[in-house]
Every structure is written in structure tokens, then in C-alpha cells.
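The values are calculated or read from the model by the stated rules, or taken from the named source; none is laboratory data. Computed from a prediction, not measured in an experiment: that's the story for all the values here. The accessibility values were calculated without ligands, DNA or RNA, using every heavy atom of the protein model including side chains. Shrake-Rupley method; radii C 1.70, N 1.55, O 1.52, S 1.80 Å.
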Amino acid sequence: MTNTTEERVRGIQWLADWGEWLVGLTFARGIGPEELAVRLGALPGPLPGPLGSRDAWSMVTETAEGDGVARVGTWGAWSFAVEHGMPAGAERLAEVSRGGAEAVHLDPQPDHPPKLFAYAQDGELVCCFGLGEECWRGGHRPDQLLPELVAAGILTPDGASARPGGEPDEDGERRTLAVLERRFGLALPRHLIEDAMLPAYVTCTA
């Protein structure tokens, strides 16, 4: 196994090649996994108990419309939530980051590409963009990652796309995920998403 392949496995670049990426992923630094669940809108009441991916999806079908199930844990410096159903992190990212915390959200958007990235810090949505559409950036500081995206050959210094024509979507996504992986120190092994029994919470995006 080459070092490049090892980096992909250990970090988040492998998500670009995972055809079953159907869950939202929210990372938070500065708070624990239980607090992350609360900030994602965990509903009061008995916890469903540790769940694997299959049981979490089964529970999503039993919840009210607009609710989801978040399986939470820690890896490295970050707490994480694997969000089945409606990804609360997409709506609550600024809330997740309040009080000096940081939060990153990755949304696969399987029915409405492109995949989405967003970063919030201390209660503010800092920057966001689609993977492969980095030239269209939002947030209070949309150019926060511009130097890293330029260095990776994804954008030009003025923020326009520098991607070569005909680049496969997976290659483009992998390059952007590599930037996010390095910039934020993100990693999440695939087995935690697919197989691990993790504490689970029903969440509401409302």
C-alpha cells in the first residue's frame, strides 16, 4: 500500500470513491459527542441505544417526517455525527459551532449533486461550497480556504476554477477532500460509518 493510498484510507479522501455515501457527516471540535447531538437537535426521551448503520436507517423510517438519526463518536481531535435521514448539520452548523467551537459538515446530496462542504466557527458560517463547484463560494468569509484551493490547483488566485477540462468527478472530489482533510485534520474510518455500534439520537431539523 502506497503512502497516498494510506492517506486516503486514514483521512476522508476515500469518501470520493464510496458509492454508498448516503449519510451526512458533521464534525465538531471543542465539544464532546453528546453535546454535538444536543446541538444537532437531539429530541428528549429514551435513547434508542447504540446502533449500526442498518438499524439507524430502519429507525429513520419510523420517525416523524423531518427527523433523522445521528450516531455519534470521537476520532482524533473531532467529535463526529453520522446523520441518517434528514441531516440536521446542514441547518444547525452555526449553532453547533457556538461558544468557540468549530464545525464541518459534509453532505453527499445523492439526489441533488454536487456534494456540499460547510465550515462554521464560533456561531458563524464561515465558508461553504460544492465539491467541484468551489468557484461559487458562500459564507461570511467565502475565501477562507482560497489559498489552500489555489495551492491544490483547484482555483486560480482570483477564485475562478482551475480544474482541467474532462476531469472525472471522483478525481475532483478527492482533490477537494484532500484539501479539507489537511486543513482541518479530518479523518473518519469507513468502518465507523458502516459497521460500528455507536450511541444514537433522534434529531429534528426544525
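Rounded to the nearest 500, the 222 nm mean residue ellipticity of the chain from helices alone is -7500 deg cm²/dmol, with -39,500 (n - 2.57) taken per DSSP H run of at least 4 residues. Close amide H partners of Arg163, meaning residues 5 or more places away or on another chain with modelled amide H under 5 Å apart, do not exist here.
The value of relative contact order for region 55-206, using C-alpha pairs under 8 Å at least six residues apart, is 23 percent.
Once C-alpha pairs closer than 8 Å and six or more residues apart are averaged by separation and normalised to the residue number of region 131-170, the relative contact order reads 35 percent. Across all directions, the shadow cast by the convex hull of region 100-149 built on its C-alpha atoms averages 3.5 square nanometres. Summarised as an ellipsoid, the chain has semi-axes of 28, 19, 15 Å, derived from the eigenvalues of the Cα gyration tensor scaled by 5 and square-rooted, with the largest first.
Pair-distance distribution of region 77-190: all C-alpha pairs, bin width 10 Å, starting at 0; shares per bin in whole percent are 13, 46, 34, 6, 0. Largest first, the residues Met197, Met59 sort by 1.4 Å accessible area into Met197, Met59.
Note that the chain presents 47 Å² accessible area per residue, ligands and nucleic acids not counted, probe 1.4 Å. Rounded to the nearest whole Hz, the Karplus-based 3J(HN,Hα) values (6.51 cos²θ - 1.76 cosθ + 1.60, θ = phi - 60°) of region 92-101 follow the sequence 10, 4, 4, 5, 4, 8, 5, x, x, 7, with x at glycine and proline. The HN-Hα couplings worked out from phi for region 112-122 by the Karplus form 6.51 cos²θ - 1.76 cosθ + 1.60 (θ = phi - 60°) are 8, x, x, 5, 10, 10, 8, 10, 10, 8, 6 Hz, whole numbers, x standing for Gly and Pro.
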